[in-house]
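The block underneath contains the structure these notes are about, expressed in C-alpha cells.
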Amino acid sequence: MRCSSQVANNQYILLHETANETATGRNEAQYMQRSWTSAYTAYIVGDGGIVYQVGQLGYVQYGAGSYANANSPVQIELQHTHDKETFEKNYKVYVELARDSAMKYGIPLTLDTPYNQPGIKSHLMGNTKYLGRSYRSLRLSF
C-alpha cells in the first residue's frame, strides 16, 4: 500500500463526504489509489457499509489542508448517496470506524471542538477553521 512517509500526529480523526453524485465507494477508492500523492484518505465507506482501506493508517493522508493532514492519523470518506438504505448502512459503519479509530489513537470522542483541541473533526469544521470555506455537514453522534 502506497502512503506518505510522514507519520501523522495523533490529534484528529477527519471525516469527509465524497460529494460525488454518481461514484460508488469502490470507484472512489480506486480513484484515491491512483491519486495517492495528491488526494486520498485512509478509508472510504460505501456500497452498503463496505470499508475500503486506501491509505496506511498513522501516516499523513491528503484529504484536507496541510495542518489538518499532519495531525490526522486517520481520515475517512463517506460515499455520497441519495439511497436511504445504502446511506444508513454506510453511515453506521462510518461512525463506528471513526469511533474505533479515535480510540486506537487515543483521540477524544468529541466532535468539532475548537481547532486546537484533539477530537473527531467533520469536513465542515476542517474547511471552516483551516481553509476558510464550508461544505455540507453531516449529523454525527459518538
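Each Lys and Arg adds +1 at its Cβ and each Asp and Glu adds -1 at its Cβ; summed about the Cα centre, the range 1-124 shows a dipole of about 360 debye. Which aspartates and glutamates have a Cα lying under 13 Å from the Cα of Lys104, excluding residues fewer than 8 positions away in the same chain? Within the straight-line limit of under 13 Å, Lys104 reaches these aspartates and glutamates: Glu96. From a point 7 Å beyond the Cα of Ile50 in the direction of its Cβ, which residues of the range 1-42 have a backbone N at a distance under 11 Å? What the label zone holds, given the 11 Å backbone N cut-off, is 24-30.
Values quoted throughout were computed directly from the atomic coordinates according to the rules given, and no laboratory measurement underlies them. Remember, it's a predicted structure, so these values are computed and weren't measured experimentally. Positions of Cβ are backbone-derived with ideal geometry, glycine not excepted, and every protein chain shown enters the neighbour counts.
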